[in-house]
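Remarks on the structure that follows.
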Amino acid sequence: MRVPDAYRAGMGGGGYATVIAVVLVGALVPISVADVRSRIVPDPIVVPAIALAILAGMLMDGGLGWGAPVGALAGAGVLLLPALLRPDAMGMGDVKLAGLIGACLGVTAGIAAIVVGLGTGACFGLVLARRGRARPRDVFIPLAPFLAVGALLVLSVTVV
């Protein structure tokens with residue numbers, strides 16, 4: 001069963017969808033706040049959340065489902081190369097957060113959430129740059145809140 005299908009199947013009686021939604025939302029809020037305040041995605045929140053999402057995905061999604069670990073790798077993989085190329089612009093915390101989103105939403109929905117978050121953040125950054133007459137490369141915006149927006153939008157679409 002694919003992850004979005006698991007959401008639809010589990011919404012009536014809780015189960016996998018509820019666990020994943022609680023893990024994802026419960027981690028996204030404090031991670032976003034921390035990133036805005038200190039430009040850090042805290043490992044003590046994101047790493048256990050990834051582990052819990054993978055465990056829940058493997059045990060609750062019909063037993064030994066590989067959607068969560070593959071989603072985590074795919075999500076992290078999307079941001080790994082940019083983080084390695086421009087460590088001053090994106091940190092490994094953002095990569096781990098993308099892995100959490102992939103673990104919770106699966107490969108397809110996770111990548112869609114990351115793309116939505118990156119697009120939202122890029123639009124916000126361009127608006128800030130134009131208002132302040134700065135180059136887009138010189139404007140810092142925390143990425144975690146925008147990845148959270150993308151994840152929550154995709155989560156809400158897959159649940160409905």
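Sorting the segments 47-57, 30-40, 98-108, 78-88 by their residues' average number of neighbouring beta-carbon atoms within 10 angstrom, most packed first, yields 98-108, 47-57, 30-40, 78-88. Matching the structure-derived semi-axes √(5λ) of the Cα gyration tensor in Å against the labelled list (1) 24, 19, 14; (2) 29, 15, 13; (3) 41, 15, 14 gives the label (2). Per residue, the accessible area of the chain comes to 51 Å², computed with a 1.4 Å probe over protein heavy atoms only. Nonpolar atom fraction for region 42-98, defined as the carbon and sulfur part of the 1.4 Å probe accessible area, stands at 79 percent.
For residue 96, what charge total do you get from the other residues with a beta carbon under 15 Å from its beta carbon, if Lys and Arg give +1 and Asp and Glu give -1? Provide the component values of the computation, followed by the final result.
On the way: positive: 39; negative: 35, 43, 94.
Around residue 96, the charge tally is -2.
Per-residue 3J(HN,Hα) values for region 78-93, derived from phi via the Karplus relation 6.51 cos²θ - 1.76 cosθ + 1.60 with θ = phi - 60°, read 4, 9, 5, 4, x, 5, 6, 6, 10, x, 6, 9, 9, x, 5, x Hz in sequence order (x marks Gly and Pro).
The values are calculated or read from the model by the stated rules, or taken from the named source; none is laboratory data. Quantities reported herein were computed from a predicted structural model and do not represent experimental measurements. Note that we place each Cβ from the backbone using ideal geometry, even for glycine, and neighbour counts take in every protein chain shown. Areas reflect the complete protein model, heavy atoms only, side chains present, ligands, DNA and RNA absent. Shrake-Rupley method; radii C 1.70, N 1.55, O 1.52, S 1.80 Å.
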